[in-house]
Every structure is written in structure tokens, then in C-alpha cells.
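Structure, as C-alpha cells:
Just so you know, all these numbers are worked out from the coordinates, no wet-lab data involved. Quick caveat: nothing in here was measured; it's all calculated off a predicted structure. Quick reminder, even Gly has a Cβ in these numbers, built from the backbone with ideal geometry, and neighbours come from all protein chains shown.
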Amino acid sequence: MAALARAWSVALRGVEGVPVEIEAAIGGGMPGVHLVGLPDAALQESKDRVRSAVVNSGRQWPNERILLALSPATLRKTGSGFDLALACAVLAAAGVVDRGRLAGTVLLGELALDGRIRQVRGVLPCLLAARAAGLRRVVVPEVALAEASLVDGLDVFGAGTLADVLTWLAGDGPLDRPGPVAGEPGAAAPELAEVVGQPDARHALEVAAAGGHHLLLVGPPGTGKTMLAQRIVGLLPDLSRDDALQLAAVRSVAGNLPPAGPLSTVAPFVAPHHSSSMAALLGGGSGVARPGAVSMAHRGVLFLDECVEFGAHVLDSLRTPLEEGEVRLARAEGTVSYPARFQLVLAANPCPCAPANDRDCVCSSAMRRRYLGKLSGPLLDRVDLRARMLPVTALGGTDETAESTEVVRKRVLAAREAAAERWAEQGWQTNAEVPGPALRTAFALPRAVIRPLEERMRAGELSARGADRALRVAWTLGDLAGAVRPDRDMVDNALYYRDRRTT
């Protein structure tokens, strides 16, 4: 009868982890290693890595038939993070390691040929999945200890080599434990008062930050579109721990999590270049798709500068994540979902020549329409606020008459708190997340208040989606004003910001 042993690891599908039971059976045939359970190429190659690591760690590799089974067998396993668990399972089946010590222990890490344990992506979501499955002890690469310490309710250990893990499993030595990890210190937010003039656009930015609305800024070069967009992060509230953990999980899968102090509560600001592909924006890659810019901007801001320079098909690909707050990517290895609830901020010049003063424009009206026509109607219909940037007529450092980031942020936070309290029973955090049917039924406004919307709809100037979005903006204007519910003036102002005054 073959000798059996078990160990645990975790497979990733997007940011969701699935515990994987690794069974090792030794004996019953010609010497060799057989790996079953839908492994990918990197996992198939682990047989040679694991054998070399075991030998170079001073242990003898069994010269018998070794069968390694990864369950659930129907789940595709990808990556090299199973190496450590495979090695320990084989040595436990060979009697080198106490099988009881492996019970309920999750092992993560890639093995180098000399036995060193290398970092792997996705440690944080793997640990979250292990905790949800009732597994309570985890061994990770020591460089991932700070990341692993973010998950409560687990006994976390860090190891630098396979030999250290084997010594610990034998009860002859300790492994490293994580120390206290502080949150990532946020850099000082850019000051809003540094933006000269632009009162209309500044107010649109405040409304966008207060309600989580999408924003389009159009104006000549040098009028402060990028400056203004960068300052929205300073107005946003800190992320909750759950949101910060979800964002950290996305960064972990992407390999962008900082090694120390990885939990950041600062809303992300992601600004991809206009040459970015659809895969870079939404996510992609061979095998299992990796997260893209929309997921890296989860619970923060995705800023597309010179947005009309992006491919039209790339821009239109944003429509689904804008509506659903997630992106689903189908590949040969399976379909994965990543969170993508972000605020979209677009910036564009009014025309191809883009002079400092509009009177110097040499573009025909057809050229101007064609230039901004890359922003399709369905995409623009999902943008709640549109603001025109005016030419700057005076030089100056900080506008002393303009309100500072701190002053505006206080109003934004108060408005966010009012909205969160109002929608708490439904589970929505911002006005931008509220579905249209709820605004038209349970939270319906009087007929006299919404009459401007109905008039625009009858005239064919406003879609049903646009009316819902105008209602959301009106609720945000009410929150900023401290009102219980918006009035007709606020609905008119919401429509004012939806007008196509950008062309």
C-alpha cells in the first residue's frame, strides 16, 4: 500500500481564493513524479524545482513512484505558489515530516533550486480564502509577512528556506512571526487652492467627490484640467478597512503591493497613458487574466487625460464596469471577476488644434464634432457632470480667494456621511451607487421637482439613464446644502452640469 500524506495550499481565480488539498502517495510503480489536478505549465515544472530544493536542503528525495493530486480536480491550478506545499506533502508521505503537523496548515511559496522560498503574487487573497475555509495556520515567504499580517484570525509564520520549514515542522526551531504593521503613510494631497480661477469646474469637482459621480473636463491646454483632476483625491474620504483590504488584494494579485506597510487607506488615483490597450485598461494577459487600471482604481479615481486620444473601442469598453462596478474577463483558463467601482474623470481639449483662445481655432465645426465624437453617446450618457475650463487670464501661485482642500473636504465628508446614513439599510455608500428604480419609487421626489427632467425627456434631450443620473447629482447637491431632499433648483443645477456645454 502506498504511503499517503496531505498538505494545503490555495489557488486563485481573480481575487477569489480556493483552498486546494494536495495529496502525496509514494510507492506502487516505477520511480517518477506524476502531477494531476489540471496543473498549468508553471505548476508542471514544479516537479523539478521541488526535487532540487529538497535535495539541496539536505533531505533525500524518494526513489519511488510519487503521485501528487491537487483537489478539487476540476479547478485549473496556475502559478508556482504550490511548490512549498508539494515538497512538504512528499516528505510527509516519505516519513521525513510529521503528518500531524501539516494538518490545517496552508503552505504558500515558490521554491528556488537551492531551497530558498520566493515571493508569490496574491498572498493576501489566499489567506482570506484560507480563513474563510476554517484553516488557521499559514506559512508564507518571509518577505510576505507584512502582507500576511493584514488578515486577522490566522497564525502566520514566515520562512526564508525550505530547510527552515522542515525544521519547524519537526519541532526543532521557530519560524518568524509578523510584527505590527502600520498603514501606508499617504503623501500630502495637492492643494486645491493652487488651481487659478475655474469656479465652475471647481464646484463640479466638489460635487463629483461628494457623490462619487463621473466627471468630464473640457478646455484649452494649460487651463488646469490635469491639476484639477489630481486634486480630487484630497477631497475623498479615507477607505474603510474592508475597501482597503479589497484594494490590497487586487494590488497583491497584480504584484503591485508595497513590501512594507501594504494597507493603504488613501483612495487610489490611476492615470493610464492614452496609448494603453484594452487589456491594460480592463485587465488581461495569457492564462488567467490579471487586473487592469480599472481594478487598480477600485474605490478611487481613474483619470483619462487626453481621453479622445484613447481608441474609441477602448473607451466604450468602460461602459460595463461603470454600470456594474466590476469587470469580468474570459480566457481559456476560465472567467475571472475583479472589482472596479471607480470614479471616472475625463479630460479633453475642445478641438485638434486646441489654441489658448477659442477665437484662434482653425478647425471646422465638422472637425470639432468629429474630434469629441470619439466619446460615444452611450459613454457620455454615463458621465454625470461636464464642466468647461476657461482660459486663464492672470498669473499667480495660489489663489487667495479660492477655498483650500481642507475647507472643501469638510463639506464633501459631511455630504458623504449624510448619503451613507440615508442609504445604510440598502447597503449603498454614495449617491452614484443608487439604482434608478429606487430614486423613482421609494425615494421619489414630488412631481413639481422633477418636472424639468420630464420636459427634457419628452423633448428627446435626455434619456432615462440620463434622468436617473441627474437625480443622483441633485441628491448630492442637496447633501452639500444640508437639505433633507433636493428641490427644483437643485434638479435644474444637475441638468446644467449635464448640458453639452463642452463643445
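Angle, helix 199-211 long axis vs. longest principal axis of the chain, Cα atoms, 0 to 90°, nearest 10? So the helix axis and the longest Cα principal axis differ by about 40 degrees. Summing Cβ point charges (Lys, Arg +1; Asp, Glu -1) relative to the Cα centre of the chain gives a dipole of roughly 1100 debye. Taken about its Cα centre, segment 3-169 carries a charge dipole of roughly 220 debye when the Cβ of each Lys and Arg holds +1 and the Cβ of each Asp and Glu holds -1. In whole angstrom, how far apart do the alpha carbon centroids of segment 430-446 and segment 218-290 sit? Distance between centres, Cα-based: 28 Å.
Just how many % of Cα pairs in segment 58-140 lie over 22 Å apart, if you round to the nearest whole percent? Result: 27 percent of Cα pairs exceed 22 Å.
Once you divide the Cα radius of gyration of segment 3-169 by 2.2 N^0.38 Å, the number left is 0.93.
Against the globular-protein guess of 2.2 N^0.38 Å, express the Cα radius of gyration of the chain as a ratio, rounded to two decimals. Display every interim value, and only then the final one.
Working: Rg = 27.5 Å, N = 503, 2.2 N^0.38 = 23.4 Å.
The reported ratio for this selection is 1.18.
Rank Val345, Leu372, Leu107 by how far each Cα sits towards the positive end of the charge dipole of the chain (+1 on Lys, Arg Cβ; -1 on Asp, Glu Cβ) and give me just the farthest. Checked the options; the winner is Leu372. Mean separation of Cα pairs under 8 Å and 6 or more residues apart, divided by the residue count, gives the chain a relative contact order of 13 percent.
For the chain, the residue among Val336, Val10, Ala418 whose Cα projects farthest onto the positive side of the dipole built from Cβ charges is Val336. Counting every Cα pair in segment 208-366, what percent are over 23 Å apart? Percentage above 23 Å: 42.
With the radius of gyration and the Kirkwood radius both derived from the Cα set of segment 1-85, what is their ratio Rg to Rh?
We get a ratio of 0.97 for segment 1-85.
In the chain, helical runs assigned H by DSSP with n ≥ 4 each contribute -39500 (n - 2.57); averaged across all residues and rounded to the nearest 500, the mean residue ellipticity at 222 nm is -10000 deg cm²/dmol. Here the residues Arg469, Arg116, ranked from fewest to most Cβ neighbours within 10 Å of their Cβ, fall in the order Arg116, Arg469. The ranking of Leu245, Leu205 by Cβ neighbour count inside 10 Å, starting from the fewest, reads Leu245, Leu205. Per-peptide packing, taken as the mean over residues of other Cβ atoms within 10 Å, places 83-92, 64-73 in the sequence 83-92, 64-73 from highest down.
Using a 4.7 Å Cβ-Cβ cutoff, the cysteines of the chain lacking any partner cysteine are Cys88, Cys126, Cys307, Cys353, Cys361.
Each residue of segment 315-432 gets 190 Å³ once the volume of the Cα convex hull is shared out per residue. The ratio of the alpha-carbon radius of gyration of segment 112-257 to the globular-protein estimate 2.2 N^0.38 Å is 1.51.
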